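What follows is a short report on a single structure.
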Amino acid sequence: MRKLLVSVALATATLAAVPAAAQYHNSGWSQRGSDHRGVNQRAVFQLSRELGQVESRIERSARRGIISPREAFVLRRQASQVRFQLNRFGRNGLSGREFASLQVQVNRLEQRVRIERRDRDGRRG
């Protein structure tokens with residue numbers, strides 16, 4: 001009986017700690033694999049990969065004529081600016097604020113690409 005109670009208590013404590021540890025690990029903030037400023041390198045790599053996917057979506061849409069050359073030019077320029085900032089900030093490591101700012105910019109760019117693909121007018125805006 002005593003062993004059963006110890007086992008149940010141990011299992012309960014372990015299960016209670018797992019969600020908190022998983023939340024900490026998946027948030028982009030972790031001690032393992034992070035630079036001295038605190039942002040997880042894996043999260044930065046993921047952000048860079050998402051930006052690359054947006055850039056390829058822009059190219060594919062321009063090639064297929066879904067967006068106009070002018071729309072593609074503006075979107076490419078915005079993607080290039082985000083890539084430049086990511087590289088510049090990444091030289092000394094990203095702070096949490098810089099990472100969040102870049103993440104917002106990539107999300108906005110993804111949204112702009114979706115909007116331009118759906119408008120079917122061939123014009124900017």
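The values are calculated or read from the model by the stated rules, or taken from the named source; none is laboratory data. None of these values were measured; they are calculated from a predicted model. Virtual Cβ from ideal backbone geometry, glycine too; neighbours counted across all protein chains shown. Remember, those area values only see protein heavy atoms, side chains included, never the ligands or the DNA or RNA. Shrake-Rupley method; radii C 1.70, N 1.55, O 1.52, S 1.80 Å.
List of remarks:
- The number of residues in region 89-111 being within 15 Å of R60 (Cα to Cα) and open to solvent by 70 Å² or more (accessible area, probe 1.4 Å) comes to 0.
- Qualifying residues in region 27-42 (those that are modelled with pLDDT of 60 or more and in contact with a strand residue (DSSP E or B) (Cβ under 8 Å, 6 or more places away or on another chain)) - the one surrounded by the most Cβ atoms within 10 Å (Cβ to Cβ): V39
- Inter-residue pairs, beta-carbon under 7 Å, first at negative phi and in region 45-66, second of a type in the set (S, T, N, Q), 6+ apart: L47/Q103
- Set side by side, the residues F89, F99, F45, F84 differ, and just one is of a type in the set (F, W, Y), under 14 Å from the mean Cα position of the chain (by Cα) and farther than 19 Å from Q111 by Cα, which is F45.
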